[in-house]
Structure formats: C-alpha cells, structure tokens
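Data first, discussion second: the structure below is written as structure tokens.
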Amino acid sequence: MITPNGRFMTQKKICLSMSDFHPESWNPMWSVSSILTGLLSFMMDNSPTTGSVNTTAAEKQRLAKASLAFNCKNATFRKLFPEYVEKYNQQQQSEQVEQMSSDVPQEEKSRSRLENLGNSPGDEKNVDTLKDARRNRKQTFPTWMMLLLVSILGVVMALPLLQL
C-alpha cells in the first residue's frame, strides 16, 4: 500500500491469502476480478493481520478524502492517471475561487449581480458556446481501465498455457 487508508500500513508488506506471505495458497487461475474482490473484502474487514492498522470510520473517511491530494504528489500516479490529476487541479481551482468569493462582502456581491443582470445581450450566446464546447470535448479512455482490460486479456490468453 502506498496511499494512507486507515486499514493497512503504508510501505509495509500485507498478509493476505493472495500475497507472498502465503505462497501455498496462491492459485494461478485467480482472475484480476477475484484478486480485487479479495482485496476489497480485506479492506472492509476489521480483523487484525500483518500490516494492518486499527482506525475509526471517521479517520478512514478523512484519509479517503485526502487520498487524491496525496496521490497527485506521486510522479508515477501523475503519469498513469492524468485524468485524476486534472480532476484534482480543477477541485483546487474551484476551492480557490470559492475562497476568494467568500472574501468579498455579501452586499457587494448582490449589488454586482444586479448591475450585471441584463447588461450584456451576448450572455446567451456565450452560454451556448460553452455548452457546445463541453459536448464536443473528446472523452479520453481512463488509463486505469485500459490497464485492467490488458491484464484481463493477458490472463485469458495465458489460460491455455496453464493447462499444459
């Protein structure tokens, strides 16, 4: 584990049935899906194991909220998941805008809104242009999804070799 999550220690080996702690229980027929399901069950369980920590649900939620910021500091994460880095940057920008707008007194905000209401006839055109730009924006295929599909394909292709 690299990201602090409140269930497992970071940068430590984890004792799971599918890890190198139990090579006798490793099954080469396990799919990526079954491994991820097993990892999910360990994440949801509170039983102690080597590499686990005991934290409250509130602490786990706090760590979950901070996980994107933590991962965006990692160069490998930034390289593999640029869409999440972009999402994080957008969140940071929106928080800065909200913080700056909260500094402006409420009275001044309402006055400027009243002044701007109906002053520019091109507002509707600008809104339509923004909507068109959003519709035409190319949707990228997430990198993590591509890695998952390639992994599944590799496992399926290896099945005949395992029967030899």
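Taken together, the values in this text are just the output of simple stated rules run on the coordinates, not laboratory data. Only a predicted model underlies this, so the values are computations on that prediction, with no experimental measurement involved. With ideal geometry, Cβ positions are generated from the backbone for all residues, glycine too; neighbour counts draw on all protein chains shown.
Sorted from largest down, what three extents in whole angstroms do the Cα atoms of the range 1-54 have along their principal axes?
31, 20, 19
Calculate the FRET efficiency for residue 46 and residue 148 from the Cβ-Cβ distance with a Förster distance of 30 Å, rounded to the nearest 0.05.
Result of the calculation: an efficiency of 0.60.
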